[in-house]
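The values are calculated or read from the model by the stated rules, or taken from the named source; none is laboratory data. As the structure is a computational prediction, the values presented were derived from the model and not from experiment. Don't worry about glycine lacking a Cβ; one is built from the backbone with ideal geometry, like all the others, and counts go over all protein chains shown.
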Amino acid sequence: MKVLLASPRGFCAGVNMAIESLELALASFGAPIYVYHEIVHNRYVVSHFKDRGVTFLDDIEDAPEGSTLLFSAHGVSPLIREAARRRNLTAIDATCPLVTKVHLEAIKYAKAGYTILLIGHEGHDEVIGTMGEAPEATLLVESPEDVDRLKVADEKKVAYLTQTTLSVDDANRIIDRLKQRFPHIAAPPKSDICYATSNRQEAVAKLATQADLTLVLGSQNSSNSARLAELSTECGTPAHLIDGAGDIDPAWLEGVETVLVTAGASAPETVVNECLDLLRDRYNATVEPQVIRTESVSFPLPRELRGHAAETEVTSVLTRS
C-alpha cells in the first residue's frame with residue numbers, strides 16, 4: 001500500500017495559539033480552568049484537556065464567579081463577554097484573529113446601516129459569535145436557494161461575510177448567487193475563509209484523484225474537517241472522517257492500493273502519526289509526503305497571557321510534529 005500524506009494538514013495558526021493559550025493558563029493559574037465551548041472541535045484535544053482539569057461549558061453561567069475562563073478559537077458574542085464581566089471572571093480571549101476580523105467587519109457594516117448576509121452553518125459556534133455582533137442586522141445564508149428567499153430593507157445596502165471554515169467552492173456558489181441578486185453587494189476586502197481551510201482543501205482537490213481512498217483525521221463536529229471529506233467524495237474518491245486510527249474499518253481498505261491521508265485544522269499530528277503507524281504495521285504501507293503549499297503563519301498569544309509567557313515556558317504534546 002502507498003500512502004499520500006497531504007501537506008499542509010492539521011493544526012492551523014489559530015488552533016496552535018488557542019491550545020498554547022490553554023496550556024499556559026493551566027501552567028500559570030492551575031486547574032480548574034473553564035473554557036466556553038470546546039477549545040477547538042476535536043474529540044482528542046478536548047479529552048486531553050479534560051484529563052488535566054479543564055471544564056468545557058456551553059452556558060457561561062456555569063462558570064463559578066471569579067474563576068478563570070478562556071474563550072475558544074471560534075469567538076464569542078458581546079453578550080458572552082458582558083456575562084463574563086458580570087460574573088467577575090478572569091477572561092482570556094483565545095479567539096482566532098481571522099475570526100476576529102469577521103467580527104470587526106460585521107460591526108463596521110452594521111454601523112453603516114447595511115444588512116449583513118452571513119454565509120455559514122446554523123448553530124456553529126463561530127456563526128453564533130459573529131451574528132451576536134449585530135443580531136438585528138444579520139441574516140444567515142446556508143445555500144444558494146436561501147438567497148432567493150431573503151428579504152432586506154434596502155437591496156442597495158447589503159454586504160456579505162463568511163464563516164472562516166467553509167468549503168471554498170460552496171461559498172463561491174452562494175456568493176455568485178448573491179451578486180446576481182444584489183449587484184451592489186459589498187464584500188470584505190479579503191476573503192473571510194481562512195488560509196488554512198483553503199490550503200487543506202486545495203491539497204485534497206489536487207491529491208484525491210491519485211488515491212483509491214481518503215482518510216481525514218478530524219471530529220464529526222469540525223466544519224473544516226467535514227469539508228475535506230466531502231471534497232474528496234466530490235472528486236470521485238471515497239472518504240472517511242475519523243477521530244483516530246481506532247476508527248479505521250479494515251473493510252474500507254480491501255483492494256485499496258493508494259490512500260490519501262490528511263487532517264483538518266483542529267486535528268493534532270499525534271492522531272495522524274497513529275494512523276500512519278497502523279497502515280505501516282498492518283499493510284506494509286510506504287508513506288510519501290506530498291507538499292502542495294508551505295505555511296509559516298503564526299499568531300501571538302492573547303494579551304492576558306503575554307506576561308505569563310515570559311515567565312513560563314510551555315510546550316504541548318498536541319502541537320509537536
| message | Considering only residues that are touching a helix residue (DSSP H, G or I) at 6+ places or on another chain (Cβ under 7 Å) and aliphatic (A, V, I, L, M), which ones fall in segment 14-24? | response | Ile19, Leu22, Leu24
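I'm checking my understanding of the structure. Among residues of segment 256-307 that are among the β-branched types (Val, Ile, Thr) and in a helix (DSSP H, G or I), which one is surrounded by the fewest Cβ atoms within 10 Å (Cβ to Cβ)? Give the steps one after another, and end with the answer.
Initial filter on segment 256-307 (among the β-branched types (Val, Ile, Thr)): 256, 258-259, 261-262, 270-272, 286-287, 291-292, 294, 297.
Still in the running and in a helix (DSSP H, G or I): 270-272.
Working: Thr270: 19, Val271: 25, Val272: 22.
Applying the filter and picking the extreme gives Thr270.
In this structure, is Ile128 free of Cβ contacts under 8 Å to residues at least 40 places away in the same chain, assigned by TED's automatic domain parsing to the domain that holds Val141 and assigned to a helix (DSSP H, G or I)?
Working: free of Cβ contacts under 8 Å to residues at least 40 places away in the same chain: no; assigned by TED's automatic domain parsing to the domain that holds Val141: yes; assigned to a helix (DSSP H, G or I): yes.
No: the conditions fail for Ile128.
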| request: Determine whether segment 226-238 contains at least one residue that is among the polar types (S, T, N, Q), in a helix (DSSP H, G or I) and under 30 Å from Ala73 (Cα atoms). | output: yes
| message | Considering only segment 144-153, I want to know if a residue exists there that is at pLDDT 95 or above, assigned to a loop (DSSP other than H, G, I, E, B) and touching a helix residue (DSSP H, G or I) at 6+ places or on another chain (Cβ under 9 Å). | response | yes
| task | Go through Ile92, Ile60, Ile80, Ile19 for me and flag whichever is of a type in the set (A, V, I, L, M), farther than 30 Å from Gly255 by Cα and under 14 Å from the mean Cα position of the chain (by Cα). | result | Ile19
| task | Go through (1) touching a residue at least 12 places away in the same chain (Cβ under 8 Å); (2) outside the structural domain of Ile39 (by TED's automatic domain parsing); (3) within 25 Å of Val46 (Cβ to Cβ) one by one and return the number of the condition Val147 breaks. | result | (3)
| note | When (1) more than 23 Å from Ser266 (Cβ to Cβ); (2) hydrophobic (A, V, I, L, M, F, W, C); (3) buried (at least 18 other Cβ atoms within 10 Å of the Cβ); (4) in contact with a strand residue (DSSP E or B) (Cβ under 6 Å, 6 or more places away or on another chain) are applied to Ile175, the one that fails is (4)
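Sort through Arg306, Arg293 and tell me the only one that's touching a Pro at 6+ places or on another chain (Cβ under 9 Å), more than 22 Å from Pro8 (Cβ to Cβ) and not polar (S, T, N, Q). Explain how you work it out, then say what you get.
Values: Arg293 fails: more than 22 Å from Pro8 (Cβ to Cβ).
Checking each option against the conditions leaves just Arg306.
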| query | For segment 90-104, how many residues meet the condition of being assigned by TED's automatic domain parsing to the domain that holds Val168 and over 16 Å from His74 (Cβ atoms)? | reply | 0
